[in-house]
Amino acid sequence: MPVFRWGHSWDAFHDFEREVDRLLSSVNFAFQGIRLGREYPSVNLYELPDEYLLTAELPGSKAEDIALEMGSGLLKIKGRRSEPNGVPEERYRRQERFRGEWERTLSIPDRVREEGLTAEFVDGILKVHLPKGEQSQPRRIRVSEGSD
Amino acid sequence: MSEPENISAHDQNAEAVPHEAEEPRFLFTPPIDIYETGDGLVLHADLPGVSIKTLELQVQDNKLTLFGRVDPVVPPQAVPLHQEYAVGDFLRSFILSDEVDHERISATMTNGVLKVVLPKAAQTKLRRIEVNPEPSAG
């Protein structure tokens with residue numbers, strides 16, 4: 001049954017992934033595929049001698065659109081990712097990229113000097129520096145004998 | 001076809017530290033959007049960590065390939081405590097229709113997003129062929 005498909009002639013714009021996947025199977029690559037179905041944005045946390053470093057993938061965001069809030073051991077990052085202005089939905093051939101509002105609250109390690117927090121945003125990657133504070137002295141807790 | 005190897009071997013950034021050949025590198029398929037405009041198609045690809053310097057975009061025959069190298073943003077001595085994403089490069093290829101004007105493809109890179117504009121080729125003009133009567137020999 002012939003079905004009319006609008007813009008049919010442009011269907012020649014195909015993905016080539018399977019072929020590329022096959023070609024790469026001989027190369028020493030670990031092929032991961034599309035990273036979908038995850039919380040947005042994905043974050044990593046690293047430890048360095050004098051700071052913790054949090055990184056998040058936020059492609060297409062602008063530095064001024066990212067809000068960071070820090071308090072009581074929690075770091076909240078939020079923002080909004082808007083699609084290109086005024087492109088109607090029916091013009092999309094493919095829509096895989098995240099869009100909309102996002103927010104994540106992350107508990108950060110102890111010993112962080114919250115007031116020393118700095119952040120930078122380069123090439124779609126957010127980096128938050130969480131400087132380590134003074135190591136607190138271990139406190140001895142007396143254990144008293146129970147009396148029952 | 002050895003094209004993907006050619007692409008990954010290409011390194012425009014002379015400043016970059018050479019990668020250890022033995023270390024396997026992750027390779028991801030970046031998410032994309034494609035939408036139609038009056039003049040053709042526009043493609044957006046999320047390539048966080050890729051800059052103009054580390055992006056390789058090429059058209060060969062009718063295949064458009066994007067490869068973005070991601071250099072580590074954390075110092076090598078950083079100890080991962082919590083990891084939701086692995087750091088790796090991005091690769092994706094597309095077959096272009098003949099209707100795309102390959103010569104006029106243009107691209108920009110902003111905040112880790114690649115935008116590729118694929119203009120439609122101008123419609124081939126109808127050419128009228130004059131039919132003349134064969135001059136009679138007599």
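The values are calculated or read from the model by the stated rules, or taken from the named source; none is laboratory data. The structure displayed is predicted, hence computed values, not measured ones. Positions of Cβ are generated from backbone atoms using ideal geometry, with glycine treated the same way; all protein chains shown enter the neighbour counts.
Observations on the model:
Here's the yes/no breakdown for (1) touching a His at 6+ places or on another chain (Cβ under 7 Å); (2) closer than 30 Å to A:T55 by Cα; (3) more than 7 Å from chain A (Cβ to nearest Cβ):
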site	(1), (2), (3)
B:L43	no, yes, yes
B:L47	no, yes, no
B:L66	no, yes, yes
B:E103	no, no, yes
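- Annotation for the stretch A:112-122: no member residue is away from chain B (no Cβ under 11 Å), assigned to a loop (DSSP other than H, G, I, E, B) and on the phi > 0 side of the Ramachandran plot.
- Among residues that are without any contact (Cβ under 8 Å) to a residue 60 or more places away in the chain, within 23 Å of A:Y40 (Cβ to Cβ) and either more than 9 Å from chain A (Cβ to nearest Cβ) or not hydroxyl-bearing (S, T, Y) (or both), B:V74 is included.
- Index of the failed condition, A:N85 passing every other in (1) more than 10 Å from chain B (Cβ to nearest Cβ); (2) modelled with pLDDT of 90 or more: (2)
- The stretch B:89-101 - residue that is more than 7 Å from every other protein chain (Cβ to nearest Cβ), buried (at least 16 other Cβ atoms within 10 Å of the Cβ) and of a type outside the set (A, V, I, L, M) and, of those, farthest from B:L41 (Cα to Cα): B:D89
- Residue in the stretch A:83-99 that is polar (S, T, N, Q) and touching a residue at least 12 places away in the same chain (Cβ under 8 Å) present: no
- Filter result for B:K115 (basic (K, R), in contact with a Ser or Thr (Cβ under 8 Å, 6 or more places away or on another chain) and farther than 19 Å from A:N44 by Cβ): yes
- From the options B:T108, B:T54, residue that is at pLDDT 95 or above and over 24 Å from A:I66 (Cα atoms): B:T54
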